Ligand SMILES: Cc1ncc(COP(=O)(O)O)c(C=O)c1O
């Protein structure tokens, strides 16, 4: 039983799942080269936006024939742009295993009113991809941020599918191996694994997705910020930095800084190794305690970014109040900020382990978690 407070705090207690911790070398100085007060359509603005796109391709290893665009409204904007622009041409399957995936189901069924087949798994589990018909268009979230359950690989997705795969990868990109040849649309925002800012989305399109855009016009109206084509042709400018509307050049500069930091730690492989080491520290902690466990039931599906934890001691009386109490103690001590589970998820904790988090900070936080758990248990009694 640990009842005394640990001696040392994490140097950086930011464990939020979005916006996530900034890169360890970040300071406001990192933005000093931003072309503020200049037009994003001036040569300097376009150069910065193109640089952000080129670095994204380099760090993520995006195939040369895939388009990368910076779009409005963060990851949600990128996903909804894809749903509204591409769906309706053929039957649709919607896969969900936590709240964000469920949000896309609502979009497609209630707003677009498509008669989609819906496959859902409860928190902690994942949809069985062997049951999915990839001749339909399939929409899913690679890493369920609110359940900490991820797709282990793209192996179950056939390379010769007839449908498109539309993947919300916002909490997976830069930390998990996205199977590019199995994905036709990939979206993310800058605020997750790279610790960038919210507000801007990235939309990546395979040649097959572009072919769909150029051969199919949805039955419903598209607002200007969703429009990817003009007169039946892809607006190529979007994919070289001619954004649909005005981006924040401060945020673009911040993203470029994060991408260069990513390169300095070994690019994608280095980022993934950092997330793996962070999450492993938590997995090891749970493995040696009988009161806490990963929400993800199958170890192969455990997220290395949004690690979701549940308290398993049957002596806990009110699970939701208990988990909130632990998170509150961690926050009050400055040991872990924003570590409560998502509002729609089962009671517990969610500790961000993405690449910008330092493993030493995870290691320094864990004794505090033990202390907060014991303190809450004592308070309950
Ligand atoms: C899986 C997933 N999809 C979508 C979103 C929404 O992202 P944004 O707020 O960047 O639009 C989040 C945010 O946490 C997320 O985790």
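The values are calculated or read from the model by the stated rules, or taken from the named source; none is laboratory data. The structure displayed is predicted, hence computed values, not measured ones. Every residue, glycine as well, gets a Cβ built from its backbone with ideal geometry; the counts of neighbours run over all protein chains shown.
Filter segment 53-66 down to the residues that are more than 16 Å from the ligand (Cβ to nearest atom) and within 22 Å of residue 271 (Cβ to Cβ) and list them by number.
Of segment 53-66, the ones more than 16 Å from the ligand (Cβ to nearest atom) are 53-55, 57-66.
Correct list: 53, 54, 55, 57, 58, 59, 60, 61, 62, 63, 64, 66.
Test residue 271 against the stated conditions and say whether it is in contact with a helix residue (DSSP H, G or I) (Cβ under 9 Å, 6 or more places away or on another chain) and either modelled with pLDDT under 95 or not assigned by TED's automatic domain parsing to the domain that holds residue 82 (or both).
Yes, satisfied.
List the pairs whose first member sits in segment 47-60 and is more than 13 Å from residue 257 (Cα to Cα), whose second member is surrounded by fewer than 17 Cβ atoms within 10 Å (Cβ to Cβ), and whose Cβ atoms are under 6 Å apart, counting only residues at least 6 apart or on separate chains?
Short answer, once both residue conditions are applied: 50/240.
If you scan segment 215-232, which residues turn out to be outside any loop (DSSP other than H, G, I, E, B) and either in contact with a helix residue (DSSP H, G or I) (Cβ under 6 Å, 6 or more places away or on another chain) or under 19 Å from residue 161 (Cβ atoms) (or both)?
Across segment 215-232, the qualifying residues are 215, 226, 229.
Determine which member of the set 324, 317, 328 is in contact with a helix residue (DSSP H, G or I) (Cβ under 8 Å, 6 or more places away or on another chain), more than 16 Å from the ligand (Cβ to nearest atom) and outside the structural domain of residue 46 (by TED's automatic domain parsing).
When all the criteria are applied, what remains is 317.
Among the residues in segment 272-284, are any in a loop (DSSP other than H, G, I, E, B) and more than 20 Å from residue 196 (Cα to Cα)?
No, there is no match, as no residue in segment 272-284 is in a loop (DSSP other than H, G, I, E, B) and more than 20 Å from residue 196 (Cα to Cα).
Looking only at segment 300-314, which residues are part of a loop (DSSP other than H, G, I, E, B) and either away from the ligand (no atom under 15 Å from the Cβ) or modelled with pLDDT under 95 (or both)?
Matches in segment 300-314: 312, 313, 314.
State whether one or more residues within segment 362-380 are surrounded by fewer than 18 Cβ atoms within 10 Å (Cβ to Cβ), at pLDDT below 95 and more than 18 Å from residue 174 (Cβ to Cβ).
yes
Where residues in segment 67-76 are surrounded by fewer than 21 Cβ atoms within 10 Å (Cβ to Cβ) and near the ligand (Cβ under 9 Å from one of its atoms), which of them is farthest from residue 185 (Cα to Cα)?
73
Can you go through 187, 170, 165 and tell me which one is within 16 Å of the ligand (Cβ to nearest atom), free of Cβ contacts under 8 Å to residues at least 40 places away in the same chain and either in contact with a helix residue (DSSP H, G or I) (Cβ under 8 Å, 6 or more places away or on another chain) or not assigned by TED's automatic domain parsing to the domain that holds residue 45 (or both)?
Result: 165 is the single residue among 187, 170, 165 that is within 16 Å of the ligand (Cβ to nearest atom), free of Cβ contacts under 8 Å to residues at least 40 places away in the same chain and either in contact with a helix residue (DSSP H, G or I) (Cβ under 8 Å, 6 or more places away or on another chain) or not assigned by TED's automatic domain parsing to the domain that holds residue 45 (or both).
Which residues, taken from segment 77-92, are more than 11 Å from the ligand (Cβ to nearest atom) and surrounded by 21 or more Cβ atoms within 10 Å (Cβ to Cβ)?
Across segment 77-92, the qualifying residues are 81, 82, 83, 84, 85, 86, 87, 92.
Anything in segment 351-378 that is over 13 Å from residue 13 (Cα atoms) and within 19 Å of the chain's Cα centre (by Cα)? List them, or say none.
Of everything in segment 351-378, those that are over 13 Å from residue 13 (Cα atoms) and within 19 Å of the chain's Cα centre (by Cα) turn out to be 354, 355.
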